[in-house]
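Some notes on the structure that comes next.
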Amino acid sequence: MNPAGLNFERRGDGTPLLLVHGLGASWPSWSPILDDLAAHRDVIAIDLPGFGDSPPLPGKVSIAALTDAVADFMSSQNLAGSDTVGSSMGARIVLELARRGTGGDTVALDPGGFWSPGELRLFSISLKASLALVLRLQRAMPALTGNPAGRTALLAQFSAAPWRLPPDVALHEMRSFAKAASLHQALDALVDGPLQEGAPAGSTPGRVTIGWGRQDRVTLPRQAARAQQRFPDAELHWFERCGHFPMWDQPRQTAELILARTGGRGDTA
């Protein structure tokens, strides 16, 4: 633990790289690519407040408050200028850090916050239904995640090929939803709170890369154009045959993109 109160996993050596997970998840959601990143970088994967082993925020949960907590953690660990990578809600948080001028290079994988009103209503209805089902089925999760048909039924909304996911990864994700104390409050923050603000050209502290899965059913691919409009300096990278979590469906390509677009290398994946 640390003065900011967040649990984290730290591996590897080199230039620091901060990983921020998505809604309902925790730091092991990065496990498909964590060792590949740690072979080149000092990787710090956090549990957001109210997720994993981090205590909830003392006040109202909002994207701004979660971002404040990550910024406080970075300050407490001497990571104020470090590169950041986020997934889903975590991608929105690292974009908000970049908008505020915090951090270094930024990689945002399928970020939230760029919905139209109709898309946001669909997101709210479909995800709330999915989460309710996941929470009801917790006792059956080992059996469901242990076979390809079960993984497909549970995770078709999130993965382009859920039957290929390692059973332990799928089980951990399903268990994480049940453990997350701030799950419903964070979902309400995404649905009822403001959309992601943008950053004028030349205003972010480092390079910004936005990655998007072509088969994303949570943050729809057409939202990528809105993200680029609000972050005009961002480079957009498409993941083919990929759903909402590139580190699940395209782990090698995801690790390569992150390493190429952070650390001041200057090359492009």
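Computed from the coordinates by the stated procedures, all read-outs in this text should not be read as laboratory data. Since this is a predicted model, take the numbers as computed values, not measurements. Note that each Cβ is placed from the backbone with ideal geometry, even for glycine, and that neighbours are counted across all protein chains shown.
Here are the numbers for this structure:
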item: Calculated P(r) over Cα pairs in 5 Å bins from 0, in percent (choose from [x] 1, 5, 7, 9, 11, 12, 13, 11, 9, 7, 5, 4, 2, 1, 1, 0, 0, 0, 0; [y] 1, 6, 14, 19, 21, 19, 13, 6, 1, 0, 0; [z] 1, 5, 12, 16, 18, 16, 13, 9, 6, 3, 1, 0, 0), label; result: [y]
item: Likely footprinting exposure, 29, 62, fewest C-beta neighbours within 10 Å first; result: 62, 29
item: Selection from 49, 61, 8, by position along the positive dipole direction of region 1-136 (Cβ); result: 61
item: Computed magnitude of the charge dipole of the chain (debye, nearest 20; Cβ of K, R +1, Cβ of D, E -1); result: 720 debye
item: From phi via Karplus (6.51, -1.76, 1.60), per-residue ³J(HN,Hα) for region 75-88 in Hz, x at Gly/Pro; result: 5, 5, 9, 6, 10, 4, x, 7, 5, 10, 10, x, 10, 6
item: Rounded to 5, percent antiparallel among DSSP beta bridges of the chain; result: 15 percent
item: Dipole magnitude (debye, nearest 20) for region 1-160, charges at Cβ of Lys, Arg, Asp, Glu; result: 680 debye
item: Simple spin-label estimate for residue 121 and residue 214 in nanometres, 7 Å along Cα-Cβ; result: 3.1 nm
